[in-house]
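Presented below is the structure to which this report refers.
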(Lines give C-alpha, C1' and ligand atoms only; values in the text may rest on other atoms or scores of the structure.)
Protein backbone atom coordinates (compact mmCIF):
# COMPACT_ATOMS: atom_id res chain seq x y z
CA UNK A 1 0.00 0.00 0.00
CA UNK A 2 1.20 3.47 -0.78
CA UNK A 3 0.07 6.61 1.00
CA UNK A 4 -0.36 9.56 -1.30
CA UNK A 5 -0.06 13.18 -0.22
CA UNK A 6 -3.84 13.64 -0.13
CA UNK A 7 -3.96 10.81 2.48
CA UNK A 8 -5.91 8.46 0.21
CA UNK A 9 -4.64 4.94 -0.27
CA UNK A 10 -3.51 3.43 -3.52
CA UNK A 11 -3.96 -0.33 -3.11
CA UNK A 12 -1.04 -1.90 -4.91
CA UNK A 13 -1.68 -5.18 -3.09
CA UNK A 14 -5.06 -6.51 -2.15
CA UNK A 15 -5.77 -7.24 1.49
CA UNK A 16 -6.63 -10.84 0.51
CA UNK A 17 -3.08 -11.25 -0.76
CA UNK A 18 -1.23 -9.90 2.26
CA UNK A 19 -2.34 -9.16 5.80
CA UNK A 20 0.04 -7.17 7.98
CA UNK A 21 -1.07 -7.13 11.60
CA UNK A 22 0.35 -4.64 14.06
CA UNK A 23 -0.28 -5.44 17.73
CA UNK A 24 -0.05 -2.30 19.87
CA UNK A 25 0.07 -1.64 23.60
CA UNK A 26 1.39 1.26 25.63
CA UNK A 27 5.07 0.29 25.98
CA UNK A 28 5.58 -2.87 23.87
CA UNK A 29 7.04 -4.61 26.89
CA UNK A 30 4.40 -7.27 27.53
CA UNK A 31 0.92 -7.40 25.97
CA UNK A 32 1.64 -6.57 22.32
CA UNK A 33 4.86 -8.62 22.32
CA UNK A 34 3.03 -11.65 23.73
CA UNK A 35 0.30 -11.27 21.08
CA UNK A 36 2.89 -10.98 18.29
CA UNK A 37 4.97 -13.95 19.49
CA UNK A 38 1.97 -16.21 20.01
CA UNK A 39 0.33 -15.24 16.71
CA UNK A 40 3.55 -15.92 14.82
CA UNK A 41 3.85 -19.27 16.62
CA UNK A 42 0.37 -20.51 15.62
CA UNK A 43 -0.09 -18.79 12.25
CA UNK A 44 0.38 -21.14 9.27
CA UNK A 45 -0.39 -18.62 6.51
CA UNK A 46 2.77 -17.07 5.01
CA UNK A 47 0.68 -14.18 3.67
CA UNK A 48 -0.12 -13.01 7.20
CA UNK A 49 2.67 -11.27 9.08
CA UNK A 50 2.51 -9.88 12.60
CA UNK A 51 4.66 -7.28 14.33
CA UNK A 52 4.24 -5.28 17.51
CA UNK A 53 5.02 -1.83 18.87
CA UNK A 54 4.26 0.45 21.75
CA UNK A 55 3.07 4.03 21.74
CA UNK A 56 6.16 4.66 23.84
CA UNK A 57 9.08 2.20 23.86
CA UNK A 58 9.42 0.88 27.40
CA UNK A 59 11.93 -0.82 29.62
CA UNK A 60 12.70 -4.46 29.15
CA UNK A 61 10.68 -7.09 30.98
CA UNK A 62 12.41 -8.43 34.07
CA UNK A 63 13.62 -12.03 34.19
CA UNK A 64 10.83 -13.26 36.49
CA UNK A 65 8.15 -11.95 34.13
CA UNK A 66 9.97 -13.45 31.12
CA UNK A 67 9.98 -16.85 32.84
CA UNK A 68 6.25 -16.54 33.58
CA UNK A 69 5.54 -15.86 29.89
CA UNK A 70 7.85 -18.70 28.84
CA UNK A 71 5.98 -21.11 31.17
CA UNK A 72 2.85 -20.28 29.09
CA UNK A 73 4.64 -21.56 25.97
CA UNK A 74 5.67 -18.20 24.53
CA UNK A 75 9.22 -17.11 23.80
CA UNK A 76 9.73 -13.36 23.51
CA UNK A 77 12.63 -12.25 21.33
CA UNK A 78 14.06 -8.84 20.66
CA UNK A 79 13.36 -5.73 22.64
CA UNK A 80 10.67 -3.13 23.09
CA UNK A 81 9.92 -1.09 19.94
CA UNK A 82 8.17 2.23 19.57
CA UNK A 83 5.52 2.97 16.98
CA UNK A 84 6.83 4.68 13.85
CA UNK A 85 5.56 5.83 10.47
CA UNK A 86 7.00 2.81 8.65
CA UNK A 87 4.97 0.43 10.82
CA UNK A 88 1.83 2.52 10.33
CA UNK A 89 2.27 2.42 6.57
CA UNK A 90 3.12 -1.29 6.59
CA UNK A 91 0.08 -2.49 8.55
CA UNK A 92 -3.42 -3.06 7.25
CA UNK A 93 -4.77 -4.32 10.59
CA UNK A 94 -4.10 -2.75 13.97
CA UNK A 95 -4.96 -4.72 17.08
CA UNK A 96 -4.84 -2.66 20.28
CA UNK A 97 -4.00 -5.17 23.01
CA UNK A 98 -4.49 -2.74 25.87
CA UNK A 99 -7.01 -0.93 27.99
CA UNK A 100 -4.77 2.15 28.27
CA UNK A 101 -4.35 2.95 24.56
CA UNK A 102 -7.19 5.13 23.24
CA UNK A 103 -8.59 3.75 19.95
CA UNK A 104 -9.25 7.33 18.83
CA UNK A 105 -5.54 7.63 18.04
CA UNK A 106 -6.02 5.12 15.20
CA UNK A 107 -9.42 6.25 13.91
CA UNK A 108 -7.85 7.09 10.53
CA UNK A 109 -7.09 3.41 10.06
CA UNK A 110 -10.76 2.73 9.34
CA UNK A 111 -11.03 5.85 7.18
CA UNK A 112 -8.13 4.52 5.09
CA UNK A 113 -9.87 1.18 4.52
CA UNK A 114 -7.78 -0.64 7.11
CA UNK A 115 -9.02 -2.62 10.11
CA UNK A 116 -8.91 -1.59 13.76
CA UNK A 117 -9.53 -4.17 16.48
CA UNK A 118 -9.58 -3.31 20.18
CA UNK A 119 -8.91 -5.79 22.99
CA UNK A 120 -9.15 -4.02 26.34
CA UNK A 121 -6.62 -6.14 28.22
CA UNK A 122 -5.32 -4.69 31.47
CA UNK A 123 -1.63 -4.49 32.16
CA UNK A 124 -0.09 -5.93 35.26
CA UNK A 125 2.11 -4.13 37.72
CA UNK A 126 2.78 -7.40 39.54
CA UNK A 127 6.56 -7.67 39.64
CA UNK A 128 6.33 -11.23 40.97
CA UNK A 129 4.69 -12.59 37.82
CA UNK A 130 1.45 -13.70 39.50
CA UNK A 131 -0.94 -12.04 37.05
CA UNK A 132 1.26 -12.62 34.03
CA UNK A 133 -0.01 -16.15 33.40
CA UNK A 134 -3.63 -14.98 33.64
CA UNK A 135 -3.13 -12.04 31.27
CA UNK A 136 -1.07 -14.19 28.90
CA UNK A 137 -3.95 -16.69 28.84
CA UNK A 138 -6.40 -13.90 27.91
CA UNK A 139 -4.13 -12.73 25.12
CA UNK A 140 -3.70 -16.28 23.79
CA UNK A 141 -7.50 -16.79 23.68
CA UNK A 142 -7.98 -13.53 21.76
CA UNK A 143 -5.19 -14.42 19.32
CA UNK A 144 -6.67 -17.91 18.81
CA UNK A 145 -10.04 -16.36 17.91
CA UNK A 146 -8.41 -13.86 15.55
CA UNK A 147 -6.41 -16.61 13.86
CA UNK A 148 -9.52 -18.74 13.35
CA UNK A 149 -11.35 -15.78 11.80
CA UNK A 150 -8.42 -15.16 9.47
CA UNK A 151 -8.33 -18.84 8.47
CA UNK A 152 -12.01 -18.54 7.49
CA UNK A 153 -11.26 -15.47 5.35
CA UNK A 154 -12.69 -12.92 7.76
CA UNK A 155 -10.61 -10.01 6.43
CA UNK A 156 -11.28 -9.50 2.74
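So here's what we get for this one:
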| read-out | value |
| --- | --- |
| Residues that are in a loop (DSSP other than H, G, I, E, B), surrounded by fewer than 20 Cβ atoms within 10 Å (Cβ to Cβ) and either in contact with a strand residue (DSSP E or B) (Cβ under 8 Å, 6 or more places away or on another chain) or at pLDDT below 50 (or both), drawn from the range 23-44 | 26, 43 |
| Failed condition for residue 16, given (1) in contact with a strand residue (DSSP E or B) (Cβ under 8 Å, 6 or more places away or on another chain); (2) at pLDDT below 85; (3) under 19 Å from residue 149 (Cβ atoms) | (1) |
| Within the range 90-103, considering residues that are farther than 12 Å from residue 22 by Cα and touching a residue at least 60 places away in the same chain (Cβ under 8 Å), the one surrounded by the most Cβ atoms within 10 Å (Cβ to Cβ) | 98 |
| Matching residues, the range 53-73, being outside any strand (DSSP E or B), touching a helix residue (DSSP H, G or I) at 6+ places or on another chain (Cβ under 6 Å) and without any contact (Cβ under 8 Å) to a residue 60 or more places away in the chain | none |
| Unmet criterion (only one of (1) in a loop (DSSP other than H, G, I, E, B); (2) surrounded by fewer than 19 Cβ atoms within 10 Å (Cβ to Cβ); (3) touching a helix residue (DSSP H, G or I) at 6+ places or on another chain (Cβ under 8 Å)) for residue 117 | (1) |
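For (1) surrounded by 13 or more Cβ atoms within 10 Å (Cβ to Cβ); (2) modelled with pLDDT of 90 or more; (3) assigned to a helix (DSSP H, G or I), each residue gets a yes or a no:
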{"position": "21", "(1), (2), (3)": "yes, yes, no"}
{"position": "46", "(1), (2), (3)": "no, yes, no"}
{"position": "51", "(1), (2), (3)": "yes, yes, no"}
{"position": "75", "(1), (2), (3)": "no, no, no"}
{"position": "80", "(1), (2), (3)": "yes, no, no"}
{"position": "88", "(1), (2), (3)": "yes, yes, yes"}
{"position": "105", "(1), (2), (3)": "yes, yes, yes"}
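The values are calculated or read from the model by the stated rules, or taken from the named source; none is laboratory data. Being a predicted model, the structure only gives us computed values, none of them experimental. As a convention, Cβ positions derive from the backbone with ideal geometry for all residues, glycine included, and neighbour counts pool all protein chains shown.
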